[in-house]
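Trainee: Pasting a structure below so you can have a look.
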Amino acid sequence: MHALVGENGAGKSTLMKILYGMQKPDEGTIAIDGDQVTFASPADAIARGIGMVHQHFMLADNLTVLENVVLGSEKLYGIGGNARKKIREISDRYGLGVRPDALVEDLGVADRQRVEILKVLFRGAKTLILDEPTAVLVPQEVDALFDNLRELKSEGLSVIFISHKLGEVLSVADDITVIRRGTTVGTAVPAETTPRQLAEMMVGSELPTPATAESTVTDRPVIQVAHLTVYASGGASLGVEAEPVGPGSMVEAAGEVKKALDDVGFTIHAGEIMGIAGVEGNGQTELIDALIGTKNADSGTIAFLGEDITPWSTRKRRESGVGYIPEDRHRQGLLLEAPLWENRILGHVTEAPNAKGFWLNIKGAQADTRRIVEEFDVRTPGIDVTAASLSGGNQQKLIVGREMSHSPKFLIAAHPTRGVDVGAQAQIWDRIREARREGLAVLLISADLDELIGLSDTLRVIYNGTLVADADPATITPEELGSAMTGATTGHLEHVEEAGAEEGTEAGPEDEAR
């Protein structure tokens, strides 16, 4: 099990793309079992026993596990009994626990990752490349994944994995290669190396921590959510249109519509970071959509600085001071084929320096993009290259720079450091903490439990669309928080009973009616 670590833009993904046949090298050689090889496509790599599990999963949600696994190989394996039998054999052999007939859209993140691993094993892979395999997993799921990888290793398979979580790298890898700016700068033996030493090899500085020393929480409410309910899109199992569906409808009465968010309420004050902990798929996405305005709430209210913004458009919310770091930078945060300066405009097209009156201010946007590139250390040859040409971490720094440049009063930060290196992590944490000191209210959603515990002033657990418990960031451990996220209870958690705005804060119209 060989780990590859390095800063964002160091060349890790490029190296793996070459090894998987997605990109051709200009110089150098690759040898497999002593034989020098060249790959013209991923099909060539697969034929030589190399499989890759990408950070952004390549699965079709509307297909079953079986259909996803054989997709592209139907002529070889079919989609009948033989394929199903082979999937079960592989799943049982390596302890993956995958059900062939399960619909992918019904699976959690950890199960989807196991399906991706099964896909490459199904095609006969002897070497697995895993890109950020633990980025979206809670501690218990990480342990289960590593157990699966150890089982693969015991059967003679090799694993190459890219990760920014240095503690995990040191716990599971047999060898570690460190690359910086496209060059191998060293190797490390896990038993003889500390996270601090590894971080210094990567970026020349010690391992950063998200810990926040002082409290800046005020008594000024910025965002107040009361009795928020959102129904899942397409939730009617009988094919009935489920959006919009209001409470009391026949479909709801028949129990056919699932609530993605169920009677959620909280208040975030100026200078406060409120963290939301939960396994992905428990309502976090719908909460974000309701707050930013890309999905209407079915009931409940959202107040921003004392004003009911529930009926407001996304544009009006953005112009009023709501910042947004999206959970999926590719789908929601960037136009990948557009230049960086155009991506700097996204979400702020009517605001300076991107606009002058009714007109787009291209020169102003370009100049400010250069400032963001320098200030946020976005590694790029220039602002005219496409967003797709940047590494994932540099894409993330561009988004963070864009959002923080407009001095938001409320920031929705969904996985703000996902897929970034330790140096970029420290920069992003510093920016959030600095804005918090100046009165920014932050809703933080993250799969990194150390980040949640370290940055948050208040911490709440979401499960099946409901805020089920409060946690004290000063005493909760990642393991206890991970247990709570899966529905278990712990002594450092308090049960949540109130879904309205907290006492002493101004209630919305619906609260007064109640």
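Trainee: On the accessible surface of the stretch 416-470, probed at 1.4 Å, how many percent belong to carbon and sulfur atoms?
Mentor: Using a 1.4 Å probe with all protein chains present, the stretch 416-470 comes out at 41 percent carbon and sulfur.
Trainee: How much of the accessible area of the stretch 82-230, probe 1.4 Å, is carbon plus sulfur, in whole percent? If you can, show how the numbers build up before the last one.
Mentor: Working: 2970 of 6570 Å².
That fraction is 45 percent.
Trainee: I would also like to ask the following. Once you keep just the Cα pairs under 8 angstrom separated by 6 or more residues, what percentage relative contact order results for the chain?
Mentor: Working: 989 pairs, mean separation 87.3, N = 514.
That works out to 17 percent.
Trainee: Using modelled amide H (1.01 Å from N, peptide plane; none on Pro or chain starts), what sits under 5 Å from the amide H of Leu459, excluding residues fewer than 5 places away?
Mentor: For Leu459, whose amide H was placed from the backbone, the distant partners under 5 Å are Gly275, Ala471.
Trainee: Additional query: Each residue of the stretch 334-349 in order: what ³J(HN,Hα) in whole Hz does its phi give by Karplus 6.51 cos²θ - 1.76 cosθ + 1.60, θ = phi - 60°, with x for Gly and Pro?
Mentor: 9, 9, 4, 8, 9, x, 4, 5, 6, 5, 5, 6, 3, x, 9, 5
Trainee: Shifting gears a bit: Within 10 Å, count the other beta carbons around each residue, average over each peptide in 32-45, 337-350, and list them highest first.
Mentor: Going from most to least packed, we get 337-350, 32-45.
Trainee: On to the next question. Report the FRET efficiency, 1/(1 + (r/R0)^6), for Asp143 and Arg88, where r is their Cβ-Cβ distance and R0 is 25 Å, rounded to 0.05. Working shown, then result.
Mentor: On the way: r = 24 Å, r/R0 = 0.96.
In this case the efficiency is close to 0.55.
Trainee: Given 0.36 nm per residue, what is the gain on full extension from Ala102 to Ser154 after removing their alpha carbon distance, in nm?
Mentor: Values: separation 52, 0.36 × 52 = 18.72 nm, distance 2.80 nm.
Going from the current span to full extension adds 15.9 nm.
Trainee: Given +1 on the Cβ of Lys and Arg, -1 on the Cβ of Asp and Glu, and no further charges, what dipole in debye does the stretch 287-373 carry about its Cα centre, rounded to the nearest 20? Mind dumping the intermediate values first?
Mentor: On the way: 12 positive and 11 negative charges, 83 e Å.
The dipole magnitude comes to about 400 debye.
Trainee: Any of Lys295/Lys356; Lys295/Lys316; Lys85/Lys119; Lys24/Lys165; Lys24/Lys153 with alpha carbons more than 20 Å apart? Name them for me.
Mentor: Correct reply: Lys295/Lys356; Lys24/Lys165; Lys24/Lys153.
Trainee: Just the number please: accessible area per residue for the chain, 1.4 Å probe, all protein chains included, in Å². Spell out each step's value before the answer.
Mentor: Numbers: 23110 Å² over 514 residues.
That works out to 45 Å² per residue.
Trainee: How big is the dipole moment of the stretch 63-189 about its Cα centre under a simple scheme where the beta carbon of each Lys and Arg is +1, that of each Asp and Glu is -1, and everything else is neutral? Debye, nearest 20, please. All intermediate terms of the calculation are to be shown ahead of the outcome.
Mentor: Numbers: 17 positive and 19 negative charges, 93 e Å.
Here the size comes out at about 440 debye.
Trainee: Which label marks the calculated value of Cα extents along the principal axes in Å, given the options (1) 77, 62, 41; (2) 104, 57, 39; (3) 74, 56, 49?
Mentor: Structure-derived value, by its label: (3).
Trainee: Could you rank the peptides 24-31, 183-190, 396-403 by their average count of other C-beta atoms within 10 Å per residue, with the highest value first?
Mentor: 396-403, 183-190, 24-31
Trainee: Turning to a different aspect of this structure: Computing the accessible area with a 1.4 Å probe over protein heavy atoms, can you report the carbon and sulfur percentage for the stretch 324-373? Mind dumping the intermediate values first?
Mentor: On the way: 1650 of 2700 Å².
Answer for the stretch 324-373: carbon and sulfur cover 61 percent of the accessible area.
Trainee: Another one. Assuming R0 = 35 Å, what is the FRET efficiency of Ala43 and Val349, from their Cβ-Cβ distance, to the nearest 0.05?
Mentor: On the way: r = 42 Å, r/R0 = 1.20.
E between Ala43 and Val349, to the nearest 0.05, is 0.25.
Trainee: Add -39500 (n - 2.57) for each DSSP H run of 4 or more in the chain, then divide by its residues: what number comes out at 222 nm, to the nearest 500 deg cm²/dmol?
Mentor: One gets -9500 deg cm²/dmol as the mean residue ellipticity at 222 nm.
The values are calculated or read from the model by the stated rules, or taken from the named source; none is laboratory data. For clarity, every value in this text was computed on a predicted model and none was experimentally measured. Because the Cβ atoms are built from the backbone with ideal geometry, glycine has one as well, and the counts that use them run over all protein chains shown. Just so you know, the surface numbers come from the protein's heavy atoms only, side chains and all, with ligands and any DNA or RNA stripped out. Shrake-Rupley method; radii C 1.70, N 1.55, O 1.52, S 1.80 Å.
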